[in-house]
Amino acid sequence: MRAALGGGSKRKGTGLELSRWTSAPPRREVPALLAAYAEMPWLGTIVDTVGDAFADVMWRAFIRQDPGTRKALVDVSLRRACGDVRRERLKSLVDLGGAAELPDHPLLRLLADPNDFMTGRDFAKLFCLHYDLTGEFFAVLEEVAGVPVGLWPVPP
């Protein structure tokens, strides 16, 4: 078999390059992707459905604390846990007093009211649409005295 492939030379690369280059669709540029969203009803429907589901997420903030002293703790295992495990662990920590919800956290305020022209839901959906269509999303973070007070989307 090696003789048929051109002697004893080894193939360079992983071998996935050729299949990726011969079977992948041509790469669309960002303006073409955004135009396709407006022109293709099925693409618009799919991206809108995902964007609506993402925008409907209700964000919550919690602080991990020592149940006796109420001193803040860092819990790396809670950060690294997957969704279901994290939810169950967080629920049990809240029940035992090891975590408390922060209903007025600055990040929650920022996500609910990102700027003067958009609701938090609009911003989240736009984030998801841009990210799903182009693979990137940009926003300018507005700060006052080091505290984030505004998010302004930048078109891709």
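Before moving on, here are some points about what is shown:
- Given (1) in contact with a helix residue (DSSP H, G or I) (Cβ under 9 Å, 6 or more places away or on another chain); (2) within 30 Å of Ala38 (Cα to Cα), index of the condition Val140 fails: (1)
- The criterion of at least 1 residues that are among the charged types (D, E, K, R) and at pLDDT 90 or above is met, among helices (runs of 4 or more DSSP H) falling completely within the range 1-69, by 30-39, 41-55.
- Selected residue (only one of Asp75, Asp84, Asp113 is closer than 30 Å to Leu151 by Cβ, of a type in the set (Asp, Glu), in contact with a helix residue (DSSP H, G or I) (Cβ under 9 Å, 6 or more places away or on another chain) and modelled with pLDDT of 90 or more): Asp113
- Count of the range 70-101 residues which are in contact with a strand residue (DSSP E or B) (Cβ under 6 Å, 6 or more places away or on another chain) and assigned to a loop (DSSP other than H, G, I, E, B): 2
- With respect to the conditions (1) of a type in the set (A, V, I, L, M); (2) in contact with a Pro (Cβ under 8 Å, 6 or more places away or on another chain); (3) without any contact (Cβ under 8 Å) to a residue 40 or more places away in the chain, Leu93 falls short on a single one, namely (2).
- Filter pass, Gly51 being within 30 Å of Pro156 (Cα to Cα), surrounded by 10 or more Cβ atoms within 10 Å (Cβ to Cβ) and in contact with an Asp or Glu (Cβ under 8 Å, 6 or more places away or on another chain): yes
- Residue list for the range 120-149, filter: over 18 Å from the mean Cα position of the chain (by Cα) and assigned to a loop (DSSP other than H, G, I, E, B): Ala145, Gly146
- Checking Leu93, Leu73 one by one, the residue that is more than 30 Å from Glu143 (Cβ to Cβ), among the hydrophobic types (A, V, I, L, M, F, W, C) and surrounded by 11 or more Cβ atoms within 10 Å (Cβ to Cβ) is Leu93 and no other.
- The range 103-119 - residue that is touching a residue at least 24 places away in the same chain (Cβ under 8 Å) and part of a helix (DSSP H, G or I) and, of those, nearest to Glu29 (Cα to Cα): Leu111
The values are calculated or read from the model by the stated rules, or taken from the named source; none is laboratory data. Note that this is a predicted model, so its numbers are computed, not measured. Methodologically, a virtual Cβ is constructed for each residue, glycine included, from the backbone with ideal geometry; neighbour enumeration extends over all protein chains shown.
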